[in-house]
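Engineer: Sharing a structure below in structure tokens format, with a few things to ask.
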Amino acid sequence: MAAPDLGGNLVAMFQRSAARRGEAPFLWAKRDGAYRPWSWAKVKDEAERLARALAQMGVERGDRVLIVSENRPEWCIADLAILMAGAVTVPAYTTNTVEDHAFLLAHSEAKAVICSGRQLAKRLLPAVGQVPGVRLVLFMEPLADVGALPVSALSWADALALGMKSPAVRHAESLTRSDLACLIYTSGTGGQPKGVMLSHGNIMANISGAWHLLERVGLGHEVFLSFLPLSHAYEHTAGQFLPMAMGADIYYAEGVETLSTNLAEARPTIVTCVPRLFEVLRQKITVGVERKGGISARLFRSAVELGQRRCREGRLPPHLALVDGFLDRLVRRQVKQRFGGRLKAMVSGGAPLNAEVGLFFQALGVPVLQGYGQTEAAPVISVNVPGRCKIDTVGPPLEGVEVRIAEDGEILVRGDLVMQGYWKDPQATAQALRGGWLHTGDIGEFDQDGYLRITDRKKDVIVNSGGDNIAPAKVEGILLLEPEIGQALVYGDRRPHLVALIVPDQDFVRSFAKQHKVAPDLAVLAEDPVFKAAIGEAVTRANRRLSAIERIRKFHIMPDPFSIENGLLTPTLKLRRHLIIKQHKDLLESLYGSGK
């Protein structure tokens, strides 16, 4: 299935697939407890009607329109409608506060907002009331119980009805690859978010590169499972527009907590995901196997050990290869069924995947491919090659992408995928785009096969008092391999050694509390000497895998997790390092005293 000419813009790309696929299923979502499809024809019809309604309500070419919604078919339809109207999509995270929404609306100068329903409207509408430029709110769900509205409002049904009797819009016919398609605000691990300007061509260049890579897995009719937020550039491109170009089906997961069930129901062939998912799944699988015990646990451990050896060495001796084949049927087949049974690629991006976690899944026959990207690159820069995966790297650059390493180790990127700049921020644009290259702020190196290895964020490197450079992400990744540890933040810039803030794993907290007949209250357990000793043993085990300068000398158990709700995690589950350090600076510094 060769990558075709995708057309002159994203709308034309969609229309080609829709003409080819017709009444075949495209978007799948749960309704009344079962997955039900929206056909390509239905999506095209609704998008065109919605585009006409937006134009009728005053949305003009180049205007910005915010989308605030969970992943669902209407998200995709709204995105297409905005583009058909010649406007620009501004995706917003569902976890945004009133202040976050107000910033996005004002900074993007949005004229309209498309919102899913009452729950998200609670934080959106007060922000709309603060920004006079917003003229319309369109709701995907009925307007009942929304309350007083500060601007004109339409329900989805009313908008579709309005579109039926409104004149056609022709903007999409004149859109070019250089026209702006979306403003994606970086969730950021620090500072105010910046609006990344991605054109139709930026996204289409990324689709073309990803398509060429996936051809290696033998493409046919593909099925994607969408669960990362569509407000994130990775899911927006790889989880929506890539399958759209391929004529694939997209199933929308109900949520992270139902992911295991949805994987079995959708039986996807391709999944885009973040490392945290693999870490959580590894923990659950391992704990479940150990709890079961007996011959099952022994067979599972053998499957992991032999699979890892095969991945490292390329092949096994004949006698072990026979055993490995036997374990394929007894163990790995069951693991694959947990992922739906027909996965071709599970592409991890958004943050570094711990090599040991990746190797664990590869050993069990799950086709994990680690990739690398940035919102500013639309977003995928490199991905491991199916069949030639090196899990400790992020693979070679995609076709059409140039990558070089600067003298200071920074990764520089050039190609049609690179953003147009930051919205209304020429200074930040000039800083990021220098000499025709995107300066990523990441440090990396190429191996002898041209595979890129990320060593750390340029600004996140810890330089201790001895002048040694330490990658905190690596140390945190090692800590998270211990089943007792759920989250970890490492600290030690200009200090003699490293210390850490540790959030214990929730399952471990519950099992410890049950075993010791105490309440599973982390705030209380954090002061319990036996509990602290158990976490200390986990840190000691992790330290054995680290060099002397990387080891954690002291730690503090946090009574509450870092979360999206308390502002200490990004929506893609990355630590907001600068905020955590700022909030807990005194505590971190106290670990260098004589108290602990």
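The values are calculated or read from the model by the stated rules, or taken from the named source; none is laboratory data. This is a predicted model, so every value here is computed, not measured. Glycine also receives a Cβ, built like all others from the backbone with ideal geometry; neighbour counts cover every protein chain displayed.
Engineer: Spot the failing condition for Arg342; the list is (1) over 17 Å from Gly387 (Cα atoms); (2) in a loop (DSSP other than H, G, I, E, B), and only one is missed.
Structural biologist: Against the list (1) over 17 Å from Gly387 (Cα atoms); (2) in a loop (DSSP other than H, G, I, E, B), Arg342 comes up short only on (1).
Engineer: Counting only residues that are part of a helix (DSSP H, G or I) and modelled with pLDDT under 95, how many does region 21-48 have?
Structural biologist: Of the residues in region 21-48, the ones part of a helix (DSSP H, G or I) are 21, 40-48.
With the extra rule that they be modelled with pLDDT under 95, the set shrinks to none.
Summing the residues that are part of a helix (DSSP H, G or I) and modelled with pLDDT under 95 in region 21-48 gives 0.
Engineer: Being free of Cβ contacts under 8 Å to residues at least 24 places away in the same chain and of a type in the set (Lys, Arg) is the filter here, so list the residues in region 34-79 that pass it.
Structural biologist: Residues satisfying the conditions are Arg36, Lys42.
Engineer: Another question about this same structure. Which of the residues that make up region 250-266 are in a loop (DSSP other than H, G, I, E, B) and not hydrophobic (A, V, I, L, M, F, W, C)? Outline the logic, then answer.
Structural biologist: Start the filter on region 250-266 by keeping residues that are in a loop (DSSP other than H, G, I, E, B), which leaves 253-255.
Selection gives Glu254, Gly255.
Engineer: Further question on the same structure: Could you tell me how many of the residues in region 408-445 are crowded, with 16+ Cβ neighbours inside 10 Å and assigned to a strand (DSSP E or B)?
Structural biologist: Adding up the residues that qualify gives 15.
Engineer: Determine which member of the set Asp442, Asp493, Asp416 is under 19 Å from Leu575 (Cβ atoms) and under 24 Å from the mean Cα position of the chain (by Cα). Give the steps one after another, and end with the answer.
Structural biologist: Numbers: Asp493 fails: under 24 Å from the mean Cα position of the chain (by Cα); Asp416 fails: under 19 Å from Leu575 (Cβ atoms).
On inspection, the qualifying residue turns out to be Asp442.
Engineer: Report whether or not Glu476 is out of contact with any His (no Cβ under 9 Å at 6 or more places or on another chain), in a loop (DSSP other than H, G, I, E, B) and not assigned by TED's automatic domain parsing to the domain that holds Ala351.
Structural biologist: The answer is no for Glu476.
Engineer: Would you tally the residues in region 267-292 being in a helix (DSSP H, G or I) and more than 16 Å from Glu257 (Cβ to Cβ)?
Structural biologist: Here is the first cut: in region 267-292, the residues in a helix (DSSP H, G or I) are 275-292.
Checking the rest, the ones that are also more than 16 Å from Glu257 (Cβ to Cβ) come to 275, 278, 282, 285-292.
Residues meeting the conditions: 11.
Engineer: Take the residues in region 163-184 that are more than 32 Å from the chain's Cα centre (by Cα) and surrounded by 15 or more Cβ atoms within 10 Å (Cβ to Cβ); name whichever of them is nearest to Leu198 (Cα to Cα).
Structural biologist: Val169
Engineer: Follow-up question, since we're still on this one. With touching a residue at least 60 places away in the same chain (Cβ under 8 Å) and in contact with a helix residue (DSSP H, G or I) (Cβ under 8 Å, 6 or more places away or on another chain) as the only criterion, which of Arg276, Arg282, Arg267 stands out? I'd like the intermediate steps shown before the answer.
Structural biologist: Values: Arg276 fails: in contact with a helix residue (DSSP H, G or I) (Cβ under 8 Å, 6 or more places away or on another chain); Arg267 fails: in contact with a helix residue (DSSP H, G or I) (Cβ under 8 Å, 6 or more places away or on another chain).
Exactly one of Arg276, Arg282, Arg267 is touching a residue at least 60 places away in the same chain (Cβ under 8 Å) and in contact with a helix residue (DSSP H, G or I) (Cβ under 8 Å, 6 or more places away or on another chain), namely Arg282.
Engineer: Among the residues that make up region 566-574, is at least one of them of a type in the set (Ser, Thr, Tyr), modelled with pLDDT under 95 and within 27 Å of Leu228 (Cβ to Cβ)? Even if it seems obvious, please write down each step before you answer.
Structural biologist: Start the filter on region 566-574 by keeping residues that are of a type in the set (Ser, Thr, Tyr), which leaves 570, 572.
Filter once more, keeping what is modelled with pLDDT under 95: 570, 572.
Narrowing further to those that are within 27 Å of Leu228 (Cβ to Cβ): 570, 572.
Taking every residue of region 566-574 in turn, at least one turns out to be of a type in the set (Ser, Thr, Tyr), modelled with pLDDT under 95 and within 27 Å of Leu228 (Cβ to Cβ).
Engineer: Kindly check whether there is at least one residue in region 518-539 that is under 27 Å from Asn469 (Cβ atoms), basic (Lys, Arg) and touching a residue at least 12 places away in the same chain (Cβ under 8 Å).
Structural biologist: no
Engineer: Right, something else. Could you tell me which of the residues Glu476, Glu484 is buried (at least 17 other Cβ atoms within 10 Å of the Cβ), touching a Phe, Trp or Tyr at 6+ places or on another chain (Cβ under 9 Å) and within 27 Å of Ile285 (Cβ to Cβ)?
Structural biologist: Values: Glu476 fails: touching a Phe, Trp or Tyr at 6+ places or on another chain (Cβ under 9 Å).
Just a single option satisfies the conditions, and that option is Glu484.
Engineer: Those residues that are assigned to a helix (DSSP H, G or I), out of contact with any strand residue (DSSP E or B) (no Cβ under 7 Å at 6 or more places or on another chain) and under 27 Å from Ala473 (Cβ atoms), I need them from region 493-521; list them, please.
Structural biologist: Going through region 493-521, the residues assigned to a helix (DSSP H, G or I) turn out to be 506-515.
Checking the rest, the ones that are also out of contact with any strand residue (DSSP E or B) (no Cβ under 7 Å at 6 or more places or on another chain) come to 507-515.
Answer for region 493-521, where residues must be assigned to a helix (DSSP H, G or I), out of contact with any strand residue (DSSP E or B) (no Cβ under 7 Å at 6 or more places or on another chain) and under 27 Å from Ala473 (Cβ atoms): Asp507, Phe508, Val509.
Engineer: Evaluate the following for Arg414: is it touching an Asp or Glu at 6+ places or on another chain (Cβ under 7 Å), free of Cβ contacts under 8 Å to residues at least 40 places away in the same chain and in the same structural domain as Pro352 (by TED's automatic domain parsing)? Lay out the reasoning, then the answer.
Structural biologist: Values: touching an Asp or Glu at 6+ places or on another chain (Cβ under 7 Å): yes; free of Cβ contacts under 8 Å to residues at least 40 places away in the same chain: yes; in the same structural domain as Pro352 (by TED's automatic domain parsing): yes.
Yes: the conditions hold for Arg414.
Engineer: Also, quick follow-up: Does Arg31 fit the bill of being charged (D, E, K, R), surrounded by fewer than 24 Cβ atoms within 10 Å (Cβ to Cβ), without any contact (Cβ under 8 Å) to a residue 12 or more places away in the chain and touching a Lys or Arg at 6+ places or on another chain (Cβ under 8 Å)? Give the derivation first.
Structural biologist: Numbers: charged (D, E, K, R): yes; surrounded by fewer than 24 Cβ atoms within 10 Å (Cβ to Cβ): yes; without any contact (Cβ under 8 Å) to a residue 12 or more places away in the chain: yes; touching a Lys or Arg at 6+ places or on another chain (Cβ under 8 Å): no.
Spelling it out, it is not the case that Arg31 is charged (D, E, K, R), surrounded by fewer than 24 Cβ atoms within 10 Å (Cβ to Cβ), without any contact (Cβ under 8 Å) to a residue 12 or more places away in the chain and touching a Lys or Arg at 6+ places or on another chain (Cβ under 8 Å).
Engineer: Can you name every one of the strands (runs of 3 or more DSSP E) wholly within region 174-249 that holds 1 or more residues which are closer than 18 Å to Ala345 by Cα and at pLDDT 95 or above?
Structural biologist: Values: elements: 180-185, 195-199, 223-226.
Correct list: 223-226.
Engineer: Can you go through Ala47, Ala78 and tell me which one is over 22 Å from the mean Cα position of the chain (by Cα), in the same structural domain as Glu235 (by TED's automatic domain parsing) and of a type in the set (A, V, I, L, M)?
Structural biologist: Testing whether each residue is over 22 Å from the mean Cα position of the chain (by Cα), in the same structural domain as Glu235 (by TED's automatic domain parsing) and of a type in the set (A, V, I, L, M) leaves just Ala47.
Engineer: Is it the case that region 5-21 has a residue that's in the same structural domain as Ala127 (by TED's automatic domain parsing), more than 24 Å from Tyr234 (Cα to Cα) and touching a residue at least 40 places away in the same chain (Cβ under 8 Å)?
Structural biologist: Yes; the residues of region 5-21 include at least one that is in the same structural domain as Ala127 (by TED's automatic domain parsing), more than 24 Å from Tyr234 (Cα to Cα) and touching a residue at least 40 places away in the same chain (Cβ under 8 Å).
Engineer: Now, a different point. Would you point out the residue of region 522-549, among those that are part of a helix (DSSP H, G or I) and at pLDDT below 90, that is farthest from Gly593 (Cα to Cα)?
Structural biologist: Within region 522-549, the subset part of a helix (DSSP H, G or I) is 522-525, 529-543, 548-549.
Still in the list and also at pLDDT below 90: 523, 548-549.
Numbers: Ala523: 23, Ala548: 20, Ile549: 19 Å.
Selected residue: Ala523.
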